[in-house]
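Notes follow the structure.
The values are calculated or read from the model by the stated rules, or taken from the named source; none is laboratory data. Model, not experiment: these values are computed from the prediction. For neighbour counting, all protein chains shown are included, and Cβ atoms are generated from backbone atoms with ideal geometry for every residue, glycine included. Side chains are part of the model used for accessible areas, which takes the heavy atoms of the whole protein and leaves out ligands, DNA and RNA. Shrake-Rupley method; radii C 1.70, N 1.55, O 1.52, S 1.80 Å.
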Amino acid sequence: MKLQTEISQAIAAVDYQKLKAEFQAHNEFLVLENFLPNSILNEFLSLLPSLQPAINRNYIPNHKKGGSISRYSLDKLAPIFGEFYQLNALFDFFNEITGEKLLPCPDRDPHTYALYYYTEPGDHIQYHYDTSYYRGKRYTVLLGLVDRSSSKLEYQLYKDIPERETQMRSLSLTPGTLVLFNGDKLYHRVTALGENEQRIVLTLEYVTDTRMGMLKRFVSNMKDAIAYFGFRQVFGR
């Protein structure tokens with residue numbers, strides 16, 4: 001109830017029409033600074049030290065280096081993240097901004113909500129799309145939790161629109177900042193972490209259709225196992 005009340009109050013303070021217009025004007029991409037109430041942010045931050053043992057470190061040469069914690073570990077160790085993901089107020093807010101009827105990902109999707117850890121020098125991810133293996137659209141939400149770093153979220157707007165000039169932009173994902181985008185439209189990366197820096201992000205995934213073919217499910221699981229959570233987390237359930 002506390003989460004629902006505080007998020008509802010935060011959402012009530014925004015200008016829906018302005019945000020919807022900005023989201024569409026930027027090809028289904030939106031940045032909202034200071035979205036997360038400090039009380040919720042601080043509660044999330046208080047849990048991070050206890051989650052350290054659950055981090056799965058991953059490294060793909062020339063593409064990605066970092067750490068991740070899947071929804072499965074979060075459900076066991078810090079269920080508040082799952083409760084936050086399921087908030088009706090969040091669904092209503094994202095539905096209003098995107099103009100879609102968003103659905104939670106199935107329980108078998110380890111990426112439904114997860115934590116990304118950039119904690120070692122050189123942690124990064126190269127340019128990519130958040131490709132949807134579901135039959136419908138996939139929307140990604142990023143929420144900054146910790147940002148004591150020089151790392152930037154760099155992205156290219158309008159890359160998939162031939163008649164528009166691609167615009168290169170970047171931002172720091174400061175604590176409490178929300179980023180919402182269509183995973184198939186935003187080409188983006190996270191630049192490399194420097195010495196003695198730290199960046200931790202909460203990611204949420206929403207879809208418009210929960211169906212996924214067997215082959216695409218296998219490809220999705222392999223991606224998550226190799227690039228994020230490890231084979232035991234993804235296939236050991």
- Which one is farthest from Gly236 (Cα to Cα) among residues in region 35-50 that are in contact with a helix residue (DSSP H, G or I) (Cβ under 7 Å, 6 or more places away or on another chain) and open to solvent by less than 20 Å² (accessible area, probe 1.4 Å)? Phe35
- Note on the structure: Within region 121-168, the count of residues that are buried (at least 20 other Cβ atoms within 10 Å of the Cβ) and outside any strand (DSSP E or B) comes to 5
- Query: If you scan region 169-193, which residues turn out to be small (Gly, Ala, Ser) and surrounded by fewer than 16 Cβ atoms within 10 Å (Cβ to Cβ)?
  - Reply: Ser170, Ser172
- Message: Kindly evaluate Ser73 against the criterion of being open to solvent by less than 30 Å² (accessible area, probe 1.4 Å), assigned to a helix (DSSP H, G or I) and polar (S, T, N, Q).
- Response: yes
- Query: Residues of region 103-115 being out of contact with any Asp or Glu (no Cβ under 9 Å at 6 or more places or on another chain) and buried (at least 20 other Cβ atoms within 10 Å of the Cβ), which ones?
  - Reply: Leu115
- Query: Can you name every residue in region 194-237 that is of a type in the set (Val, Ile, Thr) and open to solvent by less than 10 Å² (accessible area, probe 1.4 Å)?
  - Reply: Ile200, Val201, Thr203, Val207
- Query: Among the residues of region 51-86 satisfying the criterion of being of a type in the set (Gly, Ala, Ser) and touching a helix residue (DSSP H, G or I) at 6+ places or on another chain (Cβ under 7 Å), which is nearest to Tyr116 (Cα to Cα)?
  - Reply: Ser68
- Do we find a residue being open to solvent by 70 Å² or more (accessible area, probe 1.4 Å) and assigned to a strand (DSSP E or B) anywhere in region 59-68? yes
- Query: So which pairs qualify, if the first residue must be in region 39-55 and within 22 Å of Pro110 (Cα to Cα), the second must be of a type in the set (S, T, N, Q) and part of a helix (DSSP H, G or I), the Cβ gap must be under 7 Å, and the two must be at least 6 apart or on different chains?
  - Reply: Ala54/Ser73
- Message: Given the options Gln9, Gln17, Gln4, name the one that is touching a Pro at 6+ places or on another chain (Cβ under 9 Å) and over 18 Å from Tyr117 (Cα atoms).
- Response: Gln9
- Quick one: which of Arg108, Arg138 is touching a helix residue (DSSP H, G or I) at 6+ places or on another chain (Cβ under 9 Å), closer than 23 Å to Met222 by Cα and basic (Lys, Arg)? Arg108
